[in-house]
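The next block holds one structure in the form of structure tokens; read it before the comments.
The values are calculated or read from the model by the stated rules, or taken from the named source; none is laboratory data. None of the values given here were measured: they were computed from a predicted structure. Using ideal geometry, Cβ is built from the backbone for each residue, glycine included, and neighbour counts are taken over all protein chains shown.
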């Protein structure tokens with residue numbers, strides 16, 4: 001977080017600029033900037049109030065290894081004249097990452113707790129959260145440097161995470177032990193990482209989703225056939241809603257104020273009104289749903305089923321938009337915000353399927369590595385990343401060309417891959433080696 005202030009009377013107009021200063025620090029000292037060919041892309045994200053105070057984040061996209069000095073300037077114009085304040089910053093690749101030969105990427109690894117299973121990020125605070133399943137903790141890291149900031153003990157077997165970026169709360173689903181230790185939800189302060197509250201929910205809370213419009217957290221309880229509703233500020237339980245058999249995932253459709261729940265043994269979706277906290281519709285699928293994604297840019301709900309197909313519905317109305325047969329069971333979905341492509345990870349397959357969402361046909365398959373489990377698209381929309389848990393690699397696909405351009409060596413059993421929505425960062429949880437890989441991307445294409 002960067003703060004630059006102009007302390008004076010309110011101003012009529014404010015300008016924010018970000019630029020690179022004269023020399024670029026390198027291993028042998030400083031090099032003049034004009035000798036470096038396209039070394040970076042820089043951006044500032046935030047806002048300034050009427051007093052000229054700027055709060056936001058500054059990011060650097062590295063096309064060459066090394067640190068870069070930048071200047072953030074905030075200037076304001078008033079009848080008394082223009083006033084400018086600046087802040088000088090040194091931006092470095094995360095955790096002194098090593099450059100990937102031939103690619104505009106840097107990569108590094110950070111030790112965390114035992115068996116990290118899930119990741120979540122608060123982009124405004126620059127904090128990454130890691131659910132360490134076997135030691136009952138959640139780690140908090142700095143997304144820029146990779147520094148470990150805090151470790152919180154949350155309960156037995158944490159395995160799912162969600163962050164409310166408005167209230168800066170982190171919610172951790174705790175599996176527990178169905179015989180002796182009940183599951184629940186732990187609420188953390190995203191600023192400090194400290195535990196604030198534990199809340200009892202149903203058996204095996206397996207998925208979380210946050211509706212910032214109602215300030216509520218929705219929790220799918222797998223073996224209770226229910227969804228718990230929790231207050232997003234206090235962590236207090238509000239209501240339990242009965243749904244179909246074995247709910248295993250849920251997503252919030254903010255446009256319509258609805259929560260979609262996939263009932264993995266009920267061959268259906270339960271639709272919850274987020275404000276009234278009640279089921280308002282059940283959508284029959286004819287097959288058990290196994291994964292689900294909301295394509296918010298195009299207003300589509302995408303559901304993968306155990307029958308080896310993807311079904312697409314219009315959000316809110318559930319008007320069928322298309323169906324495509326894959327020949328294998330889908331386990332994860334990723335849709336770029338631009339274009340007409342859908343990428344699908346398939347069970348026990350080294351390839352991901354590419355679907356044209358205009359015709360709903362499979363138009364290609366890309367070999368990314370052995371058994372991709374999760375997919376993520378970086379903030380620039382340039383790259384697709386896959387966590388390949390059998391061969392311990394992260395596949396990197398150029399989205400425009402549809403070609404795999406790299407298989408990065410990660411830790412053992414890379415399980416979850418997550419992109420940072422505000423910075424050129426991709427995070428990978430390596431379940432078998434108790435570590436996190438941080439990959440810094442650039443917008444160049446190969």
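Tabulated values for the structure
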| item | result |
| --- | --- |
| Residue 390 being touching a residue at least 60 places away in the same chain (Cβ under 8 Å) and more than 12 Å from the chain's Cα centre (by Cα) | no |
| Residue that is over 26 Å from residue 132 (Cβ atoms) and at pLDDT 95 or above, where the choices are 429, 444, 406, 353 | 353 |
| Residue ranges of strands (runs of 3 or more DSSP E) in the stretch 104-204 with at least 1 members modelled with pLDDT of 90 or more and more than 16 Å from the chain's Cα centre (by Cα) | 105-111, 127-132, 137-142, 148-153, 158-164, 169-174, 184-189, 195-200 |
| Every residue from the stretch 262-282 that is closer than 20 Å to residue 329 by Cβ and assigned to a strand (DSSP E or B) | 262, 263, 268, 269 |
| Some residue of the stretch 217-230 being closer than 18 Å to residue 162 by Cβ, within 25 Å of the chain's Cα centre (by Cα) and in a loop (DSSP other than H, G, I, E, B) | no |
| Looking only at the stretch 296-314, and only at residues there that are touching a residue at least 40 places away in the same chain (Cβ under 8 Å) and crowded, with 20+ Cβ neighbours inside 10 Å, the one that is farthest from residue 363 (Cα to Cα) | 301 |
| Selection count where residues are within 15 Å of residue 303 (Cα to Cα) and either touching a helix residue (DSSP H, G or I) at 6+ places or on another chain (Cβ under 6 Å) or in a loop (DSSP other than H, G, I, E, B) (or both), scope the stretch 328-340 | 3 |
| Looking only at the stretch 341-356, and only at residues there that are part of a loop (DSSP other than H, G, I, E, B) and in contact with a strand residue (DSSP E or B) (Cβ under 6 Å, 6 or more places away or on another chain), the one that is farthest from residue 380 (Cα to Cα) | 347 |
